[in-house]
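Here the structure is laid out as structure tokens; the discussion comes afterwards.
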Amino acid sequence: MLHFIDISPVAITYIKYDVSLNDRYTYYLFFRFLATGQNFEMLKYDFLMGSRTVSSIVTDTCEAIWRVLKPLELQPPSSKERWEEIAKNFHSKTNFPNCLGAVDGIHVRLTCPLHSGSNYYNYKTYFSIVLLAVVDADYRFIAIDVGAYGRESDSNIFNDWTFGKNLARNELNLPSPKALPNTDNPSLPYVFLGDEAFALNTNILRPYPRNNLNEQRRVFNYRLSRARRLVECTFGILSNKWRIFHTSMTIPPDFAVLVTKTACVLHNFVRARDGYNFEDSLTHYFEDNPFRCPQHRSTNAGRNVRDGFAEYFVSQAGEIPWQYRRINT
């Protein structure tokens, strides 16, 4: 795994300049921490150094990797052409057109932070920070937000996130609305897919409420869930590759934020070069954030967009052969 750092002679120079030990031993320690979840007290005996030295090495390596890799591996698209490529890939793999990504938030476990009160205490009765992410159809992160208190809901975090604010202000340079494949119907906007925790609007779709569903709405919920599962699979690949997420991090919240961001950017780096194990995508060790956002109301324009997709999915142009069998099982 050490060869992942060899991005280019310039990048490796920048990384090595910052870390405490200028050799591969440093990276072995760092990846041992990330891949096993061992705390510093355990690692100090394996590497015969003080726990503060271990902490310093991990911190410096995280900061260097994040600074070097983030511009290369974790930058949201800046052009309409790139967004259209993501949407085309999403459609080919999930049969959901005009989709730019799936969004969800999960809890990253912590031991109780000092003097934090109940800020990090979540509904599952443990302490955590929230990782909110938008992913593409290749199980790669498009954008992430890390560090919100565990008690916060996905919708609140998304609305306070720079990415969410830019989406609301129409500043992400998204493609113009487009007619769905094989139709001449009015154009529908490009959208992101979320669960019930997100407010419905023109660019974010969520499922229909589960009560009183007719066949058209059940089909829509199935098609949305089928496409949105990619974000769950991404979290599974992340947590099974970097098993620090299988345990509670015994580090301060700010340090946990840095470790989580570094793991996410390394995830993108690895995915682009080495792929993934399918079994890793089946389960993850995170807890989803609950639906708790009654203050965020759906918009009429969002309902119209959702209805437009729902009608398309039961039309001859947009249906898939097995969808009715799935909703009736």
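The values are calculated or read from the model by the stated rules, or taken from the named source; none is laboratory data. Source: prediction; values computed, not measured. Here Cβ is always computed from backbone atoms with ideal geometry, including for glycine, and neighbour counts include all displayed protein chains. We work out accessible area using only protein heavy atoms, side chains counted, and drop any ligands, DNA or RNA first. Shrake-Rupley method; radii C 1.70, N 1.55, O 1.52, S 1.80 Å.
Below, the figures for the structure above:
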{"read-out": "Verdict on L224 being at pLDDT 95 or above, of a type outside the set (S, T, Y), assigned to a helix (DSSP H, G or I) and closer than 24 Å to E63 by Cβ", "value": "no"}
{"read-out": "Any hit, region 288-308, residues being at pLDDT 70 or above, surrounded by 15 or more Cβ atoms within 10 Å (Cβ to Cβ) and within 30 Å of L114 (Cβ to Cβ)", "value": "no"}
{"read-out": "From K124, K93, residue being over 30 Å from S248 (Cβ atoms) and open to solvent by 80 Å² or more (accessible area, probe 1.4 Å)", "value": "K93"}
{"read-out": "Residues of region 128-162 that turn out to be among the hydroxyl-bearing types (S, T, Y) and open to solvent by 10 Å² or more (accessible area, probe 1.4 Å), as a count", "value": "3"}
{"read-out": "Selection from region 151-169 of residues that are in contact (Cβ under 8 Å) with a residue 60 or more places away in the chain, outside any loop (DSSP other than H, G, I, E, B) and not hydrophobic (A, V, I, L, M, F, W, C)", "value": "D154, S155, N156, N159"}
{"read-out": "Within region 96-114, considering residues that are more than 20 Å from D145 (Cα to Cα) and at pLDDT 95 or above, the one surrounded by the most Cβ atoms within 10 Å (Cβ to Cβ)", "value": "C99"}
{"read-out": "Given (1) open to solvent by less than 50 Å² (accessible area, probe 1.4 Å); (2) among the charged types (D, E, K, R); (3) at pLDDT below 95, index of the condition R325 fails", "value": "(1)"}
{"read-out": "One residue from L167, L174, L188 being open to solvent by 20 Å² or more (accessible area, probe 1.4 Å) and under 30 Å from R273 (Cβ atoms)", "value": "L174"}
{"read-out": "Test: residue in region 195-210 that is among the basic types (K, R), at pLDDT below 95 and either in a helix (DSSP H, G or I) or under 16 Å from the mean Cα position of the chain (by Cα) (or both)", "value": "no"}
{"read-out": "Subset tally (residues that are in a helix (DSSP H, G or I) and over 17 Å from H91 (Cβ atoms)) for region 311-323", "value": "1"}
{"read-out": "Every residue from region 22-44 that is in contact with a strand residue (DSSP E or B) (Cβ under 9 Å, 6 or more places away or on another chain) and either on the phi < 0 side of the Ramachandran plot or open to solvent by 60 Å² or more (accessible area, probe 1.4 Å) (or both)", "value": "N39"}
{"read-out": "Given (1) open to solvent by less than 10 Å² (accessible area, probe 1.4 Å); (2) within 19 Å of the chain's Cα centre (by Cα), number of the condition T61 does not satisfy", "value": "(2)"}
